[in-house]
Structures are given as C-alpha cells and as structure tokens.
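Read through the structure below, which is laid out as structure tokens, and then see the notes.
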Amino acid sequence: MAIYEYYCPTCRDRFERRRPTSEAAVAVQCDKGHEAERALSAFALTRSPGIEFAGPAAGGGCCGGGACACASAN
C-alpha cells in the first residue's frame, strides 16, 4: 500500500488516500463525492544541527551504489 495525494478542484482541498499501487490511476472521490485528481507530492529534506549529509553513496561495481563488498575493497 502507498499513500497518494489528491486534489479536489471543486472543494479546493488536498487529501491523502492509502491505496494499492495497482489502483494509483483509478479515479478517486473526495469526502463530499466530487471527482479528485492525483496531485504531485512535495518532498522536502531538511538538515538537523550537528548532522552531516554525505550525499549520494559513491562506488559502483555490480550493485551500482556500493551496497555490497565488491565496491568497498579499497
């Protein structure tokens, strides 16, 4: 199950629904019965004081991201 965001143009309301990914494109109604459209979700990444962000994992090899021992042999 995934959480999808929807927008009702009639109510001008954004809401979330938990649905199977196989039903992501199926029409959804808001709580008042109007047809809603799927909205793009905004994703934010914030930094906490004292926590360093190292960026994406470097490496490569067979896993493409250094997730196995083949990329960590230095």
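A few remarks follow.
- Number of positions in the range 1-21 that are touching a Pro at 6+ places or on another chain (Cβ under 7 Å) and outside any loop (DSSP other than H, G, I, E, B): 0
- Pair list, Cβ under 7 Å, 6 or more apart: the range 6-25 residue within 12 Å of GLU37 (Cα to Cα), other residue surrounded by 11 or more Cβ atoms within 10 Å (Cβ to Cβ) and small (Gly, Ala, Ser): TYR6/ALA36; TYR6/ALA39; TYR7/ALA36; TYR7/ALA39; CYS8/ALA36; ARG14/ALA39
- Candidate set from the range 22-50 (those that are polar (S, T, N, Q) and either part of a strand (DSSP E or B) or under 20 Å from ARG12 (Cα atoms) (or both)); member that is modelled with the highest pLDDT: GLN29
The values are calculated or read from the model by the stated rules, or taken from the named source; none is laboratory data. No experiment lies behind these values; they were computed from the predicted model shown. Methodologically, a virtual Cβ is constructed for each residue, glycine included, from the backbone with ideal geometry; neighbour enumeration extends over all protein chains shown.
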